[in-house]
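First comes the structure, then the notes that go with it.
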Amino acid sequence: RLVIDLPKLLAKQGRDVKLENGDTLLIPSFRNEVNVIGEVQVATSHIHNDGWDFEDYVKSSGGLRQQADDDRIYVIRANGLVDVPNADWFGGDDMVINPGDTIVVPLDAGYTDRLTLWEKATSIFYQLTVGLAALGRL
């Protein structure tokens, strides 16, 4: 898979792409929707809205789940390029969302829910208690 800027190539403004026998050019049909996937309440597609940024699309998908990594949200463009929103100092973002884009909300790798945390803590406490009891019998 290779991401190319076809209009630049056709206008001879970009670098040439070397083709080999069997290579194919796939141009997907125009899609007027924006997909939101990952750690949102409901992963879904929305009709593109010119006035919306990525946060509006995430809110329209029910918002972020508790385990979402909101600092690493990224956008896969319709042409295959990946963009990362750049928030300015005031919390805004100037990233334009285009038709056919996919907004990805990744899982926070450091997230541990309370049940898992208590499970691990009680397991460690139990093993420590059994170990101390075994040492006491020696």
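What about T122, is it farther than 30 Å from L25 by Cα, β-branched (V, I, T) and either assigned to a loop (DSSP other than H, G, I, E, B) or at pLDDT 85 or above (or both)? Taking the combined requirement at face value, the residue satisfies it. Within the stretch 1-22, residues that are on the phi < 0 side of the Ramachandran plot and in contact (Cβ under 8 Å) with a residue 40 or more places away in the chain reach partners that are of a type outside the set (A, V, I, L, M) and surrounded by fewer than 10 Cβ atoms within 10 Å (Cβ to Cβ) with beta carbons closer than 9 Å, at six or more positions or on different chains, in the pairs D5/Q13.
Hey, does the stretch 10-33 have a residue that's open to solvent by less than 80 Å² (accessible area, probe 1.4 Å) and in contact with a Ser or Thr (Cβ under 9 Å, 6 or more places away or on another chain)? Yes, the stretch 10-33 has at least one match.
The values are calculated or read from the model by the stated rules, or taken from the named source; none is laboratory data. It should be emphasised that the depicted structure is a prediction, and the values quoted were computed from it without experimental measurement. Backbone-built Cβ (ideal geometry, glycine too); neighbour counts: all protein chains shown. Accessible surface areas use protein heavy atoms only, side chains included; no ligands, DNA or RNA. Shrake-Rupley method; radii C 1.70, N 1.55, O 1.52, S 1.80 Å.
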